[in-house]
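Each remark here refers to the structure printed beneath this line.
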Amino acid sequence: MKPRLKSTPAARELIKCHEPFLAHARQESDGNWIVGHGHRAAAKAGVSVSPEEAELLLVYDVLRAEQAIDESLGGDIGAPQRDALVSFALGIGLTAFRSSAVVRLIRKKRWLDAADAIAAWDGGESARHKAERDLFLKDLPEEASRAPVELVIEFDHPNDEVAVAANAPSHDAEAETEPESEPEQAPASAETPEDTD
């Protein structure tokens, strides 16, 4: 039985554009091996694949990415968004995808912010992530333009300090009054011996 992909060919084309066919496994700077169109699971030293095998490995990778997307976001997502996320998830790794800000923003229906988060990944210099962002922005859900903005404002209000300072003199006044009352009591106690004499 042929596996059924939920994404369109656009997802695979985007991946292939940024992961050109590699017949012989190559070790990346991070120590991981890749072969075919960015495939990692079966890649190791000495592994070689044909273009047809690379296509099958790509389908395998896409199916795994789609599973991660469904587990993280559910199945209710538009085709361009799914296609972009398939490429994005495979590019950054499925574990990183599941815990990414992109996933959190989509769950909150903050589609535009999620698109920006895709492009900003890893310093915002990746042509692949910018292409994923552009694809993600196509035919966004209608609520994207109406999504409420979540504001978190943290500030130190200068008037709070003024209010504290304004209250401070009353405490200082009490403190100043107490030393003045002590000298008044001291002479009174000094007069007491004179009265007894």
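The table for this structure:
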{"item": "Test: residue in segment 103-110 that is under 20 Å from A10 (Cα atoms) and open to solvent by less than 40 Å² (accessible area, probe 1.4 Å)", "result": "no"}
{"item": "Lone unmet requirement of (1) under 25 Å from the mean Cα position of the chain (by Cα); (2) closer than 20 Å to E132 by Cα for P20", "result": "(1)"}
{"item": "Residues (within 26 Å of the chain's Cα centre (by Cα) and surrounded by fewer than 17 Cβ atoms within 10 Å (Cβ to Cβ)) located in segment 23-40", "result": "E28, S29, D30, G31, N32"}
{"item": "Residue ID - farthest from L58 (Cα to Cα), chosen from residues in segment 75-102 that are of a type in the set (S, T, N, Q) and buried (at least 18 other Cβ atoms within 10 Å of the Cβ)", "result": "S100"}
{"item": "D122 vs. criteria open to solvent by 60 Å² or more (accessible area, probe 1.4 Å), at pLDDT below 95, touching a His at 6+ places or on another chain (Cβ under 8 Å) and at positive phi", "result": "yes"}
{"item": "Long-range neighbours under 7 Å by Cβ, at least six apart or interchain, first residue part of a helix (DSSP H, G or I) within segment 67-86, second open to solvent by less than 40 Å² (accessible area, probe 1.4 Å) and among the basic types (K, R)", "result": "I69/R82"}
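The values are calculated or read from the model by the stated rules, or taken from the named source; none is laboratory data. On a predicted model such as this, the values are computed, not experimentally measured, just so you know. Here the Cβ is made from the backbone with ideal geometry for all residues, glycine too, and neighbour counts use every protein chain on show. Areas reflect the complete protein model, heavy atoms only, side chains present, ligands, DNA and RNA absent. Shrake-Rupley method; radii C 1.70, N 1.55, O 1.52, S 1.80 Å.
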